[in-house]
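Worksheet: one structure, shown below.
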C-alpha cells in the first residue's frame, strides 16, 4: 500500500445503499467538520438491494407480515416481535421527518406513500389464527387502527381484486391498517446521499473496495476505479461496511475476530409486474399472505401497490430462486470464495436443519411460468396472464451465524457486526434491514462511538425524539408521533 496514492478521512462508508446513506446523513449532522467518504462500486447509488424493484418497498412495520407473529404450539400468538419491528420503523419515520422538516431532503412523495397494509388468509384454521393475531396486536397503540374481517363484502371494499372471482362460500379472513406505507428505498438513498454530499461528504461511485487492512490505528481501504482500474487507498480510523450481500466477504478481508464463523446463503427472486394501467388503478394495498412451508420470510407472497419513480405500479411475488452471487451484479464465485476454514463447519451444519428450505427452493426453481401464475390466482382469482411480466428481484444473503456450540444457524433477519475496538462495523442479512436501518445505525453509533455518544445524544434525540423510549408503552406519545410523522411525510392518518 505504501506505493499507492493514500488519502485520509475521518470515516469511510462502503456501499451506496440505504444503510450507508442513513449513516452518512447522521454523521454529517453530528460531526460537520469530519471528512466522510462513501464508496460505491456501481456507477449509480442505491442500485442493488435498495433499488425499488430489487425489494418489496414495504415499510416493514409488522402490520401485515405474518412471519413476525408466529403461532405457538398452544395456539397463542405473541405480538412481541411485531411490536419491536414496528418500533424500529417508527424510528426511521422520525428520522425521515427530521430530514424533511429541516430541508435536508426534498418532497417526501419522491420516496414514501400511504398504502394500506393487509394480511389475507383462507381456510378456517388460518382465519382463526388471524383473528387471534389481530386480538394480540390491536390492544397496542401502534396497531390500534387495524381492522379485522371475515366478510367477503368488507374484503371487496379493501381489495376488490382479491375479492372478485372468489366463491362467497370460501372461508376467508383479512386485516387492514391505514398506517401502512410503500417506500422507494433507492430514491430515499439518493436523497440522503445528495444531502450529505452538499454538506461536504465525498460520495464516489465507480469505486470498488478490493481490500481492507490495518494501518497502525487506522484502516486502509484499497479502492479500485472501475473506469480505469487504478488503485488508491483511503485511511480512516472508522469504517462501516454497508455493502449488502458483499458485506460478508469485505468483513472477512478485514480479519476481525467477530466475523469468524459467519457465513452467508444467497437467495434470489422474481416478481410478476402488472402492465395494465386499469388493473393497477383498482388496487390500493399491500396484501401479505402466509409463507409456504420452508419458504424464507422474504418469499412470503404479497400483492402490492408500488410507487416507483413517482409512477404507481402493481406487483406480485416474490418467487424465490437461487444463485451463488452475493449481489445482483456480483460474481458466480461469490459464495464459494466466502467459504473459509473459520466458517466451514457452520456452513455445513445448516443444511440438515433446513432441508425444507432446500425443497422449497428446488420447487421454485422448477416452477414454470404457468405454475407461478397459479400462485397469483390465489390472491387475484380474475387475473389475466397477459397483463403480467416477469421482473428479476435483488439478491439477498441470509446470515449463517455461529451458535454457542460453534454450529451454524441460518438466520432470516439483519445483524450488526462490530469489532471489539469499535473501529469497524458492518450490516449483514436482509429484510427488514432497509425499513429499520435508522434503528440499526443508532445501535451501531452506540457500539462504535461509546466515548462520543453522550455528546451526540441531544442531536440524536432531535433526529429521533422517541430514541431510548418505547412508543408501544405510551399511547399518547405513540399517537402524537404517528400524527407528526404522517403530517411531515404527507401521509394519510
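The values are calculated or read from the model by the stated rules, or taken from the named source; none is laboratory data. Because the structure is a prediction, the values reported are computed rather than measured. Cβ placement follows ideal geometry from the backbone for every residue including glycine, while neighbour counts extend to all protein chains displayed.
Scanning for something touching a residue at least 24 places away in the same chain (Cβ under 8 Å), within 16 Å of the chain's Cα centre (by Cα) and in a helix (DSSP H, G or I), does the stretch 67-83 turn up at least one residue? The answer is yes; a qualifying residue exists. The test for being touching a strand residue (DSSP E or B) at 6+ places or on another chain (Cβ under 8 Å), under 30 Å from residue 380 (Cα atoms), modelled with pLDDT of 95 or more and not in a strand (DSSP E or B) does not hold for residue 287.
Taking the criterion of being farther than 17 Å from residue 311 by Cα and in a loop (DSSP other than H, G, I, E, B), the residues of the stretch 261-277 that qualify are 261, 262. Filtering the stretch 10-61 to residues that are surrounded by fewer than 21 Cβ atoms within 10 Å (Cβ to Cβ) and assigned to a loop (DSSP other than H, G, I, E, B) leaves 10, 31, 32, 33, 34, 35, 42, 43, 44. The set of residues in the stretch 362-381 that are at pLDDT 90 or above, part of a loop (DSSP other than H, G, I, E, B) and in contact with a strand residue (DSSP E or B) (Cβ under 8 Å, 6 or more places away or on another chain) contains only 380.
Looking only at residues in the stretch 157-192 that are in a strand (DSSP E or B) and out of contact with any helix residue (DSSP H, G or I) (no Cβ under 7 Å at 6 or more places or on another chain), the one that is surrounded by the fewest Cβ atoms within 10 Å (Cβ to Cβ) is 177. The set of residues in the stretch 413-445 that are closer than 24 Å to residue 461 by Cα, in contact with a strand residue (DSSP E or B) (Cβ under 6 Å, 6 or more places away or on another chain) and in a loop (DSSP other than H, G, I, E, B) contains only 433.
Suppose we keep only residues that are out of contact with any helix residue (DSSP H, G or I) (no Cβ under 6 Å at 6 or more places or on another chain), modelled with pLDDT of 95 or more and part of a loop (DSSP other than H, G, I, E, B) within the stretch 200-226. Which one would you say is nearest to residue 33 (Cα to Cα)? Going through the qualifying residues, I end up with 200. One residue stands out in the stretch 328-349 among those that are outside any helix (DSSP H, G or I) and in contact with a helix residue (DSSP H, G or I) (Cβ under 9 Å, 6 or more places away or on another chain): the one that is surrounded by the most Cβ atoms within 10 Å (Cβ to Cβ), namely 343. With respect to the conditions (1) at pLDDT 95 or above; (2) out of contact with any helix residue (DSSP H, G or I) (no Cβ under 9 Å at 6 or more places or on another chain), residue 125 lacks only one, and its number is (1).
Between 359, 409, 399, the distinction of being surrounded by fewer than 17 Cβ atoms within 10 Å (Cβ to Cβ) and touching a strand residue (DSSP E or B) at 6+ places or on another chain (Cβ under 8 Å) belongs to 409 only.
With (1) surrounded by 16 or more Cβ atoms within 10 Å (Cβ to Cβ); (2) more than 25 Å from residue 52 (Cα to Cα); (3) over 22 Å from the mean Cα position of the chain (by Cα); (4) in contact (Cβ under 8 Å) with a residue 60 or more places away in the chain as the list, and residue 148 as the residue in question, which single condition is left unmet? Every condition holds for residue 148 apart from (4).
The residues of the stretch 206-220 that are in contact (Cβ under 8 Å) with a residue 40 or more places away in the chain and closer than 27 Å to residue 46 by Cβ, listed by number, are 206, 207, 208, 209, 211, 212, 219, 220.
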